[in-house]
1. At 1.4 Å probe size, what's the solvent-accessible area of Y218? Round to the nearest 10 Å².
2. Let me cross-check L300: its accessible surface, 1.4 Å probe, with only protein heavy atoms counted, in Å² to the nearest 10?
3. What does the accessible area of M298 come to, in Å² to the nearest 10, when a probe of 1.4 Å is used?
4. Please list T272, T198, T289 in order of solvent-accessible area, largest first, computed with a 1.4 Å probe with all protein chains present.
5. Using a 1.4 Å probe and counting only protein heavy atoms, arrange V238, V309 so the residue with the most accessible area comes first.
6. Using a 7 Å offset from the Cα along the Cα-to-Cβ direction at both V66 and S123, what is the distance between the two label points in nm, to one decimal?
7. Over region 153-273, what percent of the accessible surface lies on carbon and sulfur atoms, probe 1.4 Å?
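The values are calculated or read from the model by the stated rules, or taken from the named source; none is laboratory data. For clarity, every value in this text was computed on a predicted model and none was experimentally measured. Cβ placement follows ideal geometry from the backbone for every residue including glycine, while neighbour counts extend to all protein chains displayed. The accessibility values were calculated without ligands, DNA or RNA, using every heavy atom of the protein model including side chains. Shrake-Rupley method; radii C 1.70, N 1.55, O 1.52, S 1.80 Å.
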Amino acid sequence: MKRLTRKQLVLCAVCLALTSCDKVCNQSPVSDFKIGRGVTIYEVTCDLNPNSSPPTVQYTVTAIKVNGVPTIGNSMDYKSKLSTCWQVEAALASGKPFGSFVRRLNATAVTTQPVEYLLDQASLGIQTLDLNAGTLNEVDLPGGGNTQYPTAADITPDGSAIWVTQLAIGQNNAGITPEPPLVSIFNTAQQAFTGGFTLPSGISPNSIQFSADGTSAYITNDGSPAEGESGVPANSSVLVVNVATQTVMKTIPTPKGAGAAKLSPDGLLLYTVGSNNGDAAISLTVIDTTTNTVATSMPLPDGAVNVFV
């Protein structure tokens, strides 16, 4: 083994419990290793650019074997907040989700500082939070005070856009033009809403989740006739949206409502709880994202309103 510097020896001593000294102290810019998650084996290729400031670590995760059978899985690309490939390997080996330490919201052409984004339902807009300065800047949804009520938001895995789901505007006596439910799209580079598309009539969007590879978005429809009312299980579903074309590829009926939702870390399952404001008859529905069908549904104790994976 090559002679180690004092810094490398310290790193090796610190991380010896997680992996081998040879692997930890090898500061090669490219590292390949395998990670097991449940019945799936993933191959991870990590690429370090030490010349960037700060050093940039990017890695690709590919499913290569499921239940012992080789498979050709979709690759998922990430940019890490960690500074070396061995840190990425150690974190994943300890059981961290693939995206748990990912810098999803990067500096853009508009700002030179890291930012976070908040959905402001009261003010009908997106709040941009500068993490260093601690300042907020609001960007209103298109339509101003008469826009549809926003229910949820998620950011694309590459951090380029935020999709905001909004309820329909029905017939009313306030002189507000009825509108179908829709998705408004916020461009993080331009710090502005630059597009959007309508959802099918009768849909009551509750939550939205992007797939890890960014090709699909899952929008839950709780079947509510209006904001704040209980979900109608007979009308509820999960919409699978093609991100590139911004069209609904499939509508998956759910047995007992579809409200708050979360994807499993490997992206293979979508969990959603029935949305009826904590009343009785709550259920958990599990969707297989490889087939876009309901895998199972089960009753939950009264009062469940959210889900975490």
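1. Y218 has an accessible surface of roughly 20 Å² with all protein chains in place.
2. The accessible area of L300 comes to roughly 50 Å².
3. Using a 1.4 Å probe on the heavy atoms, I get roughly 80 Å².
4. On the way: T272 0, T198 90, T289 20 Å².
The ordering from most to least exposed comes out as T198, T289, T272.
5. Values: V238 0, V309 95 Å².
Result of the area sort, largest leading: V309, V238.
6. 4.4 nm
7. Taking all protein chains in place, region 153-273 shows 51 percent carbon and sulfur surface.
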